[in-house]
1. Every residue in the stretch 106-140 that is in a loop (DSSP other than H, G, I, E, B), of a type outside the set (V, I, T) and touching a helix residue (DSSP H, G or I) at 6+ places or on another chain (Cβ under 8 Å), please.
2. Check the stretch 88-101 and report whether any residue there is surrounded by 12 or more Cβ atoms within 10 Å (Cβ to Cβ), aliphatic (A, V, I, L, M) and free of Cβ contacts under 8 Å to residues at least 40 places away in the same chain.
3. Among the residues of the stretch 21-34, write down those that are at positive phi and touching a helix residue (DSSP H, G or I) at 6+ places or on another chain (Cβ under 8 Å).
4. With the structure loaded, tell me whether V84 is closer than 18 Å to F18 by Cβ, at pLDDT 95 or above and in contact with a strand residue (DSSP E or B) (Cβ under 8 Å, 6 or more places away or on another chain) or whether it fails that test.
5. Identify all residues within the stretch 27-42 that are within 16 Å of E119 (Cα to Cα) and modelled with pLDDT under 95; write none if there are none.
6. Can you name the number of the only condition in (1) closer than 30 Å to A7 by Cβ; (2) in contact (Cβ under 8 Å) with a residue 12 or more places away in the chain; (3) loosely packed, with under 14 Cβ neighbours inside 10 Å that P23 fails?
7. Spot the failing condition for L60; the list is (1) over 30 Å from F2 (Cα atoms); (2) buried (at least 18 other Cβ atoms within 10 Å of the Cβ); (3) among the aliphatic types (A, V, I, L, M), and only one is missed.
8. If you take just the strands (runs of 3 or more DSSP E) that sit entirely in the stretch 1-102, which of them hold at least 1 residues that are basic (K, R)?
Amino acid sequence: MFTKKEAQLLTTEFWTVFGKSFPRKWILYDTKIKDFSFKFTADSKKAIVSLDIEMKDENLRLLYLEKLTSLENFLIENIGEFEVEENFYLENGKCISRIWVEKSEVSVFNKNTWREIFEFFVEKMGGFEMVFLEFEDYIKDV
């Protein structure tokens, strides 16, 4: 496989190439809602586009999740089938709520799948952003 250093360099190259190939300002953390952000993730087996709701106040976190899942038809229309996890545990043990789409059988370590990942990222994040921007006032009204 790769040494830790080689894997780190390849991962850095992956994100650099993505940024140069698709130079666009994404919403990501700029939602104007604390602990509510969109994320790109890629590893050795899959690529993920997610909306992470990370409020410490569980009731608030679940209210935001409820608002978003009430938009299910719009989400499906814009991002396709998606997964929802009310209590998703990050590697560090933190409990969040997550809505996400995943593409399997791609790898940040296989340059032959990079284009496929990039196109997946652009399509799915674009869909997430469209729903967020269209329903921003509704979502923020918690």
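1. In the first step, residues of the stretch 106-140 are kept if they are in a loop (DSSP other than H, G, I, E, B); the result is 106-110, 135.
Still in the list and also of a type outside the set (V, I, T): 107, 109-110, 135.
Once the filter is applied, which keeps residues that are in a loop (DSSP other than H, G, I, E, B), of a type outside the set (V, I, T) and touching a helix residue (DSSP H, G or I) at 6+ places or on another chain (Cβ under 8 Å), the stretch 106-140 yields S107, F109, F135.
2. No, the conditions are met nowhere in the stretch 88-101.
3. In the first step, residues of the stretch 21-34 are kept if they are at positive phi; the result is 28, 32.
Within the stretch 21-34, K32 is the sole residue that qualifies.
4. Values: closer than 18 Å to F18 by Cβ: no; at pLDDT 95 or above: yes; in contact with a strand residue (DSSP E or B) (Cβ under 8 Å, 6 or more places away or on another chain): yes.
So V84 does not fit the description; no.
5. Start the filter on the stretch 27-42 by keeping residues that are within 16 Å of E119 (Cα to Cα), which leaves 39-42.
Across the stretch 27-42, there are no qualifying residues.
6. All conditions are met except number (2).
7. (2)
8. Values: elements: 36-42, 46-53, 83-89.
Because the criterion is at least 1 residues that are basic (K, R), the strands (runs of 3 or more DSSP E) in the stretch 1-102 that meet it are 36-42, 46-53.
The values are calculated or read from the model by the stated rules, or taken from the named source; none is laboratory data. Quantities reported herein were computed from a predicted structural model and do not represent experimental measurements. A quick note on method: Cβ atoms are made from the backbone with ideal geometry, for glycine too, and the neighbour counts reach across all protein chains shown.
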